[in-house]
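Read-outs: derived from the displayed coordinates by stated rules, not from any lab. Small disclaimer: the values here were computed from a predicted structure and weren't measured. Here Cβ is always computed from backbone atoms with ideal geometry, including for glycine, and neighbour counts include all displayed protein chains.
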Amino acid sequence: MSIKVEGITKRFGSFTALDNVSLEVPGGSLLALLGPSGSGKTTLLRVIAGLEPPDAGRVLNEDEDMTQTSARERNVGFVFQHYALFRHMSVYENIAFGLRVRKAPKREIHDRVTELLHLVRLEGLGKRYPSQLSGGQRQRVALARALAIRPKVLLLDEPFGALDAKVRDELRSWLRRLHDEIHVTSVFVTHDQQEAFEVADRVVVMNGGRVEQVGAPAEVFENPANAFVMDFLGNVNVIPAQVSNGRARFGSLEWLFPEHDHGDERAATLYVRPHELQIERSPNGGGSMRARVDRINAAGPVAKVFLSSLEGGMGLNVEVSADRYVELNLKTGDTVYVAPRKVRVFTPEYVI
Amino acid sequence: MHNAPLTAVTHNTAGHTIARRDPVWVRWTLILFAVGSLTLLIVVPVVNVFYQALAPGLRGYFNNLVGDPDTLHAIGLTLIIAPIAVTANLVFGVAAAWAIARFKFPGRSLLTALVDLPFSVSPVVAGLMLVLLFGMQGHFGPWLREHGISIIFAWPGLILATTFVTLPFIARELIPVMEAIGSDEEVAAVSLGANGWQMLWRVTLPNVKWGLLYGVILCNARAMGEFGAVYVVSGHIAGRTDTMPLRVEKLFQEYNNPASFAVASLLTLLALVTLVLKVVVARKTRRDLEEAARESAPTGGA
């Protein structure tokens, strides 16, 4: 079932948590709300769930307006960041809760809970209490409890935020497989771009109560709509530059920038991802800058090389493949030449 | 607020380590002083109550308790009034604690202060307030008399006085427990389709049950033992408005020491039972609070 959000505004006192946000979640898709803390992503999730009434705007479910419907009647599955399991109930009773308050027959409750325990791979743990479970198991109980009521939409608030890195990775790929199996329209909130890219079909980048960009993970990563998205998606080299006459310049480097073809020079920012910078032992014409190797971290599939540019003294962060790293034979203190393969230039008005 | 139970625990452990480093003579002097003063002030008088009560022998003791219809009536009256007052405060306590722990509203701190008021007002003053309201010369006195309702010098006055004096017990116990546990589970219950009652009975009350029971035990002990406020409103009519503590006082004034101490021994027994229950329940409440503190701390784990 698709969910549509139209012009939602929500204020807490003088703070605007959501500023005229519109969004569509196609039926059966898994969508990530990605943003830094305070960007309004959790508030948006709570508005969709009916836990927070919006000051303006509508929430539609298959074109049916449910803005005025209470959380209780929306039939939405909500998974809370800190699980919020009922501490005095067994796992079985936790999962059965939504069915019990709906006065479902005993037989049906038993079948559904058994089915869900199997789905979240917690068979045999039905009699345990939440305090006897690990973090990952608790999160799966929370998920089963939300799914028990056959929700129209599943909402997850930072579902893996409170877990260890390893458990988090496992649960992530498990959630993705689970979604492929049951196809319930899902929205999850995260501040971790890797998590969003790995799990979601579509990513919504939020900032300051507004939607900055919506798109498939690759699309958002490769074509960030603006400087914020580029910056937030992380691990990026920021280079101050000047633009004029259709060119952007930093030191001796130059790139075409047809969007600004006036003669008056203005400041712009260049963004280059670490893997888009190329290290050479010798200068390759005009397109490279001299830099010194400060530090190398060769652990992992790519070697991370930290450089400081000899023109301007700014720090650069480069990723080279393991093969290339061996080929270059880099050592701390070496002087090398760095050339960007791909550059994004953002000025307040222009984007390429 | 969430961290309160945690800090308390840390203080305890810190206190232990410091105490162990003190020289032996300091430790023993302190222990002897504490045990000595407790013996003198509490153990001796309590033992004396039972000694005096049992002085006429077991048969005389029982005769003192059940032989006098006025004494029997006083015991019965206390056993009726205390549960009513506790029930009234149970409803009020849960409602007030919920309002204070869950909502931000204007006058919230005023309500919190008002809940404590009966603790700071002298029980005699509390009784007088009721007399001034409902007595013959009081605001509602004439109206009540016209309608044939008596509150002062009758059991409704006893219930009002007892309820007023014991008002803070349950709310005071519940507020910190509810604040520590937080509203997450309640929000989860609503999102799963529970209505207000289902949330209260299935989630909120089971979570605070030990804190609630602790409050009920304290409230009941105080309700049965209340003297001052009840003294003012009761008019102590033997066989009608005398409660157990009033009966103890009256028998004592009549120089009937064995009978007075016999009733007093019942109240003391109640206090001892309360003490044991209190220790057991307090341990469970503390465990709940610690668990809540652990859960709210954002630690992960496999």
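Compute the Cα gyration tensor for chain B, then decide on rounded, prolate or oblate, letting a ≥ b ≥ c be the square roots of its eigenvalues: rounded whenever a/c is under 1.5, prolate when a/b is larger than b/c in the other cases, and oblate in all that remain.
Values: a/c = 2.28, a/b = 1.25, b/c = 1.82.
Verdict is oblate for chain B.
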Among A:M314, A:N329, A:S282, the residue whose Cα sits farthest towards the positive end of the charge dipole of the stretch A:237-346 (+1 at Cβ of Lys and Arg, -1 at Cβ of Asp and Glu, taken about the Cα centre) is A:N329
For the stretch A:52-58, Karplus couplings with θ = phi - 60° (6.51, -1.76, 1.60), whole Hz, Gly/Pro x
9, x, x, 6, 8, x, 10
Name the most mobile residue of B:D242, B:D22, B:D68, meaning the one with the largest mean-square fluctuation, in a Gaussian network model of chain B with Cα contacts below 10 Å.
B:D22
Residues of the stretch A:320-339 with amide nitrogen under 16 Å from the 7 Å Cα-to-Cβ point of A:A299?
none
Ranked A:D19, A:D180, criterion: other C-beta atoms within 10 Å, fewest first
A:D180, A:D19
Apply the Karplus curve 6.51 cos²θ - 1.76 cosθ + 1.60, θ = phi - 60°, to the phi angles in the stretch B:53-67 and return the couplings in whole Hz, x for Gly and Pro.
5, 8, 4, x, x, 4, 4, x, 4, 5, 4, 5, 7, 9, x
Restricting the stretch B:83-116 to chymotrypsin sites (Phe, Trp or Tyr not before Pro) in coil, as DSSP defines it, with at most 14 other Cβ within 10 Å
B:F103
Spacing of the two label points (7 Å from each Cα toward its C-beta) at B:S37 and A:E64, in nm:
7.0 nm
Integer Hz, Karplus 6.51/-1.76/1.60 couplings in order for the stretch A:6-11, x for Gly and Pro:
10, x, 6, 10, 9, 10
What does the structure give for A:68-78 when I average, per residue, the other chain Cβ atoms found within 10 Å of the residue Cβ?
3
Anchor B:K284: lysines whose Cα lies under 18 Å away (excluding residues fewer than 8 positions away in-chain):
B:K209
For A:F257, the residues 5 or more places away or on another chain with a placed amide H closer than 5 Å to its own amide H are A:R247, A:A248
Under the 7 Å Cα-to-Cβ spin-label approximation, A:E170 and B:S150 lie apart by a distance in nanometres of 7.5 nm
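If contacts are Cα pairs under 8 angstrom and at least 6 residues apart, what is the relative contact order of the stretch A:1-84 in percent?
Numbers: 124 pairs, mean separation 27.5, N = 84.
Over the stretch A:1-84, the number comes to 33 percent.
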For the stretch A:237-346: relative contact order, % (alpha-carbon pairs under 8 angstrom, 6 or more apart)
29 percent
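Neighbour counts of other C-beta atoms within 10 Å: give me A:R138, B:R202 arranged from fewest to most. Walk me through the numbers on the way to the answer.
Details: A:R138 23, B:R202 20.
The order, fewest Cβ neighbours first, is B:R202, A:R138.
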For the stretch B:102-145, which trypsin sites (Lys or Arg not before Pro) are in a loop by DSSP, counting at most 14 other Cβ atoms within 10 Å?
B:K104
Nonlocal amide H pairs with A:E52, under 5 Å, H built at 1.01 Å:
A:V47
Inter-label distance, nm, simple model (7 Å from Cα along the C-beta direction), B:F140/B:A271
3.3 nm
Backbone N under 16 Å from the A:R290 label point (7 Å along Cα→Cβ), restricted to the stretch A:238-278:
A:251-253
Would you mind calculating the relative contact order of chain A from Cα pairs under 8 angstrom and at least 6 residues apart, reporting the percent as a whole number?
16 percent
For chain B, what is the calculated [θ] at 222 nm in deg cm²/dmol (nearest 500), taking -39500 (n - 2.57) for each run of four or more DSSP H residues and dividing by its residue count?
-25500 deg cm²/dmol
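Counting other beta carbons within 10 Å of each residue's own, what order do A:K331, A:K41 fall into, fewest first? Numbers along the way, then the final one.
On the way: A:K331 8, A:K41 30.
Ascending Cβ contact count within 10 Å gives the list A:K331, A:K41.
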Across chain A, how many lysine pairs, 8 or more apart or on two chains, come within less than 29 Å at their alpha-carbon atoms?
16
